[in-house]
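Worksheet: one structure, shown below.
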Amino acid sequence: MPKATFFNLAGDKRKILIEALVKEFSRVPLYDASVSNIVKSANIPRGSFYQYFEDKEDAYFYLLNEQVAKSKEKFILCLLKYNGDLFDAMIEMFALTIMDFSKGENINFLKNALLNMTHEIESSFNDIFNANGNQDQFQQISLLINKDCLNISSDKELLHLLKIVATVTFRNLMERLACDVSDKDALHDYTIEMGLLKKGLYKRNTDI
C-alpha cells in the first residue's frame, strides 16, 4: 500500500509517477523492473520514490490492485446484466477484457503479470471474484450470483467454483496474449470451456 505522501501528491505529479510505473512494469516483469528507470522517467530523486512506496513491489501491487478493482466492477456489471448467471457473465467479461487488449489498454502490463504469475499476483487477480476467502467481500459477490441454477450446496462450494472459473479464465487470457490467438478464436475456445463447466463433465447414464 503506497504511503500517505503518495496520495497527498498533486494530481499532475501523481499522474506522471503512475505513468512512469506503468511504463517500467510494462517493459519487464516485476522482478526485472528497475527503480532507477522509474525515477528517471518520472524525473524525481530516488529518495522521493521511497517516500511514496516501500519498494518496487509496493508500487507494482498498487498498479495491479487498481486494475483488479476496475475488473471487479466489470464483473459485477456483467453479473447484473445476466441476472446472476455466472457463466454467461464470465463469457461477457472475457469478451470485454480481450477487447481492451485489442485497444492496447495496459496490454503489456497485464501480459507481464499473467505470463509471470506468482502466488501473490494470482491472489491479487482472484480478488476480482472475491475468491480469496475474505468472508465479507465474498458475500457481496455471492449475493449477486444466481445459485439456484448451480449444482452446489454451500458457499464453500461456490468459493471453490469461483477459483476453478478464475483459473480457466487466466489460462485462456495467457493463451490469448502469448500464442497470438485471435480475439474470435480466444472467445470461441473460452465459451466452449465455460459451456463444459456449465453442463458438467460427468455423463449420467443408468448403465454406468
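The lone criterion from (1) outside the structural domain of VAL165 (by TED's automatic domain parsing); (2) modelled with pLDDT of 95 or more left unmet by ASP12 is number (2). For region 115-153, residues that are in contact (Cβ under 8 Å) with a residue 60 or more places away in the chain and in contact with a Leu (Cβ under 6 Å, 6 or more places away or on another chain) total 3. Hey, could you check region 1-51 for residues that are in a loop (DSSP other than H, G, I, E, B) and among the small types (Gly, Ala, Ser) and say which is farthest from ALA113 (Cα to Cα)? My answer is ALA10. Whenever a residue of region 43-61 is closer than 12 Å to PHE6 by Cβ and among the hydrophobic types (A, V, I, L, M, F, W, C), its partners that are modelled with pLDDT of 95 or more and outside any helix (DSSP H, G or I), lying with C-beta atoms within less than 7 angstrom and at least six residues away or across chains, give the pairs ALA59/PHE53. When region 128-153 is limited to residues that are in a loop (DSSP other than H, G, I, E, B) and modelled with pLDDT of 85 or more, the one that is farthest from GLY84 (Cα to Cα) turns out to be SER153.
For the condition surrounded by 15 or more Cβ atoms within 10 Å (Cβ to Cβ) and not in a helix (DSSP H, G or I), VAL181 qualifies.
The values are calculated or read from the model by the stated rules, or taken from the named source; none is laboratory data. Values in this document were obtained by computation on a predicted structure and should not be read as measured data. Note that we place each Cβ from the backbone using ideal geometry, even for glycine, and neighbour counts take in every protein chain shown.
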